[in-house]
Amino acid sequence: MQSGYCEKHPDKLPYIDKKCELLRCLLDVYHELNNMSKCRELIAKIDRINDQYREQGVFREVSEEIWKAVES
């Protein structure tokens, strides 16, 4: 993800939103692989983006199912 297209436009909301969407997709993959440590890492990244850009309309929700799996 470091060299991805979204990383080349870190200050543009559409790319920030797309990055967050891609992180959510990756979170689903790690959840299916039962890699909870990676899930926690991705949730933290998603939360940081949500906190920073929520007022500009960028927000991606983490499913309750994934939260429960990570917390257990």
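Rule-based calculations on the coordinates, nothing more; no lab input. Bear in mind the structure is a predicted one, so any value in this text is a computation, not a measurement. So basically every Cβ, Gly included, is an ideal-geometry build from the backbone, and we count neighbours across all protein chains shown.
Here are the numbers:
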| item | result |
| --- | --- |
| Note, ³J(HN,Hα) from phi for the range 38-45, Karplus 6.51, -1.76, 1.60, rounded to Hz, x at Gly and Pro | 5, 4, 4, 4, 5, 4, 4, 5 |
| ³J(HN,Hα), Karplus 6.51/-1.76/1.60, whole Hz, each residue of the range 60-72, x for Gly, Pro | 10, 8, 8, 5, 4, 4, 5, 4, 4, 5, 6, 6, 8 |
| Positive-end residue of Leu26, Leu42, Leu13, charge dipole of the chain with Cβ unit charges | Leu13 |
| Simple spin-label estimate for Ala44 and Lys12 in nanometres, 7 Å along Cα-Cβ | 3.0 |
| 3J(HN,Hα) from dihedral phi, the range 22-27, Karplus parametrisation 6.51/-1.76/1.60, rounded to Hz, x for glycine, proline | 5, 4, 5, 5, 5, 4 |
| Inverse of mean 1/r across different Cα pairs in the range 19-72, Kirkwood, Å | 11.1 |
